[in-house]
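The values are calculated or read from the model by the stated rules, or taken from the named source; none is laboratory data. Keep in mind that this is a model prediction, so the values were computed, not measured. Note that we place each Cβ from the backbone using ideal geometry, even for glycine, and neighbour counts take in every protein chain shown. Please note that ligands, DNA and RNA were not included when accessible areas were found on the heavy atoms of the full protein model with its side chains. Shrake-Rupley method; radii C 1.70, N 1.55, O 1.52, S 1.80 Å.
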Amino acid sequence: MNELDSAADRFAVGYLPGEDLPMVAAEALARGHDTPALVELACLHRTDTRDAPALFRTALAELGLVEDTEATWSAREVDVRLRRVEKDAAALLAGEEDYAEQVSRIASELYYLAVTPEAGSPELADLATDFDGLRWGLEDNYWDPDVLRDSIHEGCRTLLAGPPWSKSKVVPVALPPPTPSRWWQKLFRSST
């Protein structure tokens, strides 16, 4: 059932397209899972999968994995996205991942969750903003690398502390000093 559970997670967040569902069903049948909806789904041709999502949800309900209600699927989507950002945050704390890619993914997932009513936590918007600022700091190289790494780790620890999330102590972005005007730029400004 682990393969079907993993497929349900990918399906819940939109990472498993309808045209891949017949193969998922065929593999489940080969592993010994058998329901009428699973058989029907496995028989669909890859080019005619308009009914595949509904059949997949029905098959999972018949197997007792996921109830086929909108609320259940919405809650599963929130759960999967939270698990993904927590996994990314843990990997960043362990120093296993590329900072720019992970921070960007955490920021986008948190923004998505912040506007999802089922997530039910407005603090996620603050965390998303913090991680977006960190992403910006990584891209523009305006921060001291040690300060930036410490800020990322602080944001990850805040995220992993779980709800209710507190505002993390992300260091404000340090902008570069303004470039001085050239003498000819001052002349041009004064003549206009």
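With a 1.4 Å probe and every protein chain left in place, work out the accessible area per residue of the stretch 1-93 in Å², rounded to a whole number.
About 52 Å² of surface per residue is accessible.
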Residue by residue through the stretch 32-41, the couplings from Karplus 6.51 cos²θ - 1.76 cosθ + 1.60 with θ = phi - 60°, in Hz, x for Gly and Pro, are x, 7, 9, 9, x, 5, 5, 5, 4, 5
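Within the stretch 1-84, report the chymotrypsin sites (Phe, Trp or Tyr not before Pro) that DSSP leaves as loop and that have at most 13 other Cβ atoms within 10 Å.
Values: sites: PHE11, TYR15, PHE56, TRP73; in loops: TYR15.
Answer in residue order: TYR15.
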Convert each backbone phi in the stretch 138-145 into a coupling constant with the Karplus relation 6.51 cos²θ - 1.76 cosθ + 1.60 (shift: θ = phi - 60°), then list the ³J(HN,Hα) values in order as whole Hz, x for Gly and Pro. 5, 6, 9, 6, 9, 9, 5, x
Out of the total accessible area of the stretch 28-83 (probe 1.4 Å, heavy atoms of protein only), what percent is carbon and sulfur? 51 percent
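With a 1.4 Å probe and all protein chains in place, put THR47, THR69 in order of accessible area, largest first. Intermediate results must be reported in sequence, preceding the final value.
On the way: THR47 120, THR69 55 Å².
Largest accessible area first, the residues go THR47, THR69.
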For the stretch 103-117, what does the Karplus curve 6.51 cos²θ - 1.76 cosθ + 1.60, with θ = phi - 60°, yield as ³J(HN,Hα) per residue in whole Hz, taken in order and with x for Gly and Pro? 5, 5, 5, 4, 4, 5, 5, 5, 4, 4, 5, 5, 9, 9, x
Keeping the other protein chains in place, figure out the carbon and sulfur percent of the accessible area of the stretch 100-162, with a 1.4 Å probe. 49 percent
